[in-house]
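Contents: one structure, followed by commentary.
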Amino acid sequence: METKAPVLLNAVPPYGHVITSEKWRNSSLIQSLKGGCVKILFENELGVADFHLPNKSCILYVSECDIIAGNSYKRKLVRYRNANSSFQQLVLVENTRLSEQYFSAVQKFVVFDLGLTLLPVSGQTEASQLITQMVQGDGKENPFRRRSSCRLLDPLVQALVQHVPGVGRVKAVALLQQFSSIQELCNAAPAELEPIVGQAAAQQIHSFFHKPTAAGT
């Protein structure tokens, strides 16, 4: 199931495959991907990115250890954002009991300062499930690119929106019918959200995306 990929920073893997940085070879994330019948192509020369997917997106993984260790992860994120890549750049961030106090600062930096899409995960197992869904979904379409609302009703995107406090399955569907991208939902004012989900949920959603940065992080 493992094949050596060519050295290409913008290489797009075939459907059902993921090009993966060599450093992940013995990780539990890779073992979970293999269990989900995803084929792995290992590569030493992916630059800053950790994974390349068939839908022309790439992923940088930020672990709880990266976050707790200090601000060096920010320099990596800046290099990732500045990389000369034709891929849609996604950032998976571990939001765990240990890293939770830092998460709002990481979220602000990734989404608002760098303009990247952040996907919170509880760990490598959930990350592998998200990657598997992206690889085995409709394959060549990227659910994070701006497109019509009917196309945004993708199971992966819906699952991500359901991570937001105050949003369940029904409200997630309603929000994705109204907003044309994840970024647009992040930037929505409470007044725009209220007619769709109600006042309480609107405030919860807005607070989730606009939580003030904790001092010293």
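The values are calculated or read from the model by the stated rules, or taken from the named source; none is laboratory data. Given the structure is predicted, the values throughout are model-derived calculations rather than measurements. Every residue, glycine among them, receives a Cβ derived from its backbone with ideal geometry; neighbour counts consider all protein chains shown. Please note that ligands, DNA and RNA were not included when accessible areas were found on the heavy atoms of the full protein model with its side chains. Shrake-Rupley method; radii C 1.70, N 1.55, O 1.52, S 1.80 Å.
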Name every residue in segment 143-171 that is over 12 Å from the mean Cα position of the chain (by Cα) and either at pLDDT 90 or above or open to solvent by less than 20 Å² (accessible area, probe 1.4 Å) (or both), in order of residue number.
-> Leu152, Val164, Val167
Thr3 passes all but one of (1) β-branched (Val, Ile, Thr); (2) modelled with pLDDT of 95 or more; (3) loosely packed, with under 14 Cβ neighbours inside 10 Å; which number fails?
-> (2)
If we keep only residues of segment 94-109 that are farther than 20 Å from His206 by Cβ and out of contact with any Gly (no Cβ under 9 Å at 6 or more places or on another chain), then the residue most open to solvent (accessible area, probe 1.4 Å) is Arg97
Return the total of residues in segment 7-46 being in a loop (DSSP other than H, G, I, E, B) and either of a type in the set (S, T, N, Q) or surrounded by fewer than 17 Cβ atoms within 10 Å (Cβ to Cβ) (or both).
-> 14
Are any residues in segment 178-204 within 20 Å of Leu119 (Cα to Cα) and open to solvent by 60 Å² or more (accessible area, probe 1.4 Å), and if so, which ones?
-> Glu184, Asn187, Gln204
Checklist (1) of a type in the set (A, V, I, L, M, F, W, C); (2) at pLDDT below 80; (3) open to solvent by less than 20 Å² (accessible area, probe 1.4 Å); (4) out of contact with any Asp or Glu (no Cβ under 9 Å at 6 or more places or on another chain) applied to Phe209, failing item | (3)
Across segment 80-90, which residue is modelled with the lowest pLDDT among those that are surrounded by 13 or more Cβ atoms within 10 Å (Cβ to Cβ) and over 15 Å from the mean Cα position of the chain (by Cα)?
-> Ser85
